[in-house]
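Following this message is one structure expressed as structure tokens.
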Amino acid sequence: MNKVPVSSFFGGVQRFAGQAVGQAQRAYTQLDKASGGWLPGGGTASPLTRYKQEGERNLTQQYQQSIDRQSAANDYVGKPGRFANEGMLFNAVRAALQAGVNPLAVAVGSKPDVSKLAKYYSDFPDVANEYTAPVNMFLRYLSGSGAEGMKISSREGKLLYDVSQKGIDAFKNASPEQLANVREGYRQEYGQGVEKRFDEGQIPWGTSNPQLYENRKDRNTLNLSVGRYWAKQDGENVNIPDEKYDFPYANKQSILDKVSSFLKIPTPSAVSDTLVRQGYGKPFDYSAVVKPTGEVDFTPR
């Protein structure tokens, strides 16, 4: 199943300040002026200059304070979910800074910076475990390190268990007619191969339904990581037997993507979309055993 919903960002525009791209650039310049000149590539300064002059100092102070707090809490490098509570944006920036690259350089698709980021997490994949699940899994995709040694926080694991259990219970309580309709629908969409999954007691489940969560942050945590998957009850545990972390739009980028991306706002999922469309990253397969305590045992496949 496809894992991460499509979201656009800088559409693969690999450039810094000074490069013009026709009408799109002029529209971008107008937006830059309206926002006070802070946009990457805008009139006030280049992304790196602007970032270093105004942003990096503040971010560094915030992160140092956070690191001090984490150290006081007896944390350690590679601890699952060490910084997950900061959220995806701070985690994405932290992940770049940890690798010694500028976050905005990565955001605009600078090949040397993206390559350096990927190499760092290829060499030190356990560090990715410190971040929230969407950032963790994307770094493993970007670096090619895959699911080897992958761990997530117990809070995120408990969230995955609870949401999976809701799906399993929903199928248990469904009528024979409802089950037959679901099975037929999946057979038509995915082919005869799904019949074996249904016969083995697996249920298809998705994480995008807001009604499954208490808040949007929890929804984004699962929807932008495990996405849609198959699951089955295994004693008190939930078994996710065979999944792939991948993107349906990998290495596909249109001219429209490049032009429209100038007017989009940078978010972690949008940046990942840009890099995927540019052809960075490698899909990986995994299985997982999710325990009621929130412990998740990932296994590469």
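Read the figures in this text as sums done on the coordinates, not as results from a lab. What you see is a predicted model; the values in this text were computed from it and never measured. Virtual Cβ from ideal backbone geometry, glycine too; neighbours counted across all protein chains shown.
In what sequence do SER110, SER153 fall when counting other Cβ within 10 Å, fewest first?
Listed from fewest to most nearby Cβ atoms, that is SER110, SER153.
Could you work out how far the C-alpha centroid of region 107-129 sits from that of region 206-222, in angstrom?
Here the two parts' Cα centres lie 28 Å apart.
For the pair SER287 and SER175, what calculated FRET efficiency results from E = 1/(1 + (r/R0)^6), where r is the Cβ-Cβ distance and R0 = 35 Å, to the nearest 0.05?
With a Förster radius of 35 Å, E is 0.70.
Ok, one more. Report the label-to-label distance for ASP126 and ARG155 in nanometres (one decimal), using points 7 Å from each Cα along the Cα→Cβ vector.
Using points 7 Å along Cα→Cβ, the separation is 2.3 nm.
Given labels modelled 7 Å from the Cα in the Cβ direction, how far is it in nm from GLU236 to LEU97?
Result: 4.1 nm between the two label points.
Further question on the same structure: What's the exposure ranking of THR267, THR207, THR293, going from fewest to most Cβ atoms within 10 Å?
The fewest-first ordering by Cβ neighbours comes to THR293, THR267, THR207.
Using the Karplus curve 6.51 cos²θ - 1.76 cosθ + 1.60 with θ = phi - 60°, what ³J(HN,Hα) values do you get for each residue of region 179-190, in whole Hz, with x for Gly and Pro?
With the stated coefficients, region 179-190 comes to 4, 5, 5, 5, 4, 5, x, 5, 5, 5, 7, 10 Hz.
Dipole magnitude of region 90-159 about its Cα centre, charges +1 at Lys/Arg Cβ and -1 at Asp/Glu Cβ only, in debye to the nearest 20?
Its charge dipole is roughly 100 debye.
Turning to a different aspect of this structure: What's the extension gain from GLU148 to LYS244 if we count 0.36 nm per residue and subtract their Cα-Cα distance?
33.2 nm
Most exposed first by the Cβ proxy, i.e. fewest other Cβ within 10 Å, how do SER272, SER122 rank?
Arranged by neighbour count, lowest to highest, SER272, SER122 become SER122, SER272.
Right, another one. Order 127-136, 75-84 from most to least packed using the mean count of other Cβ atoms within 10 Å.
My ranking of the peptides, most packed first, is 127-136, 75-84.
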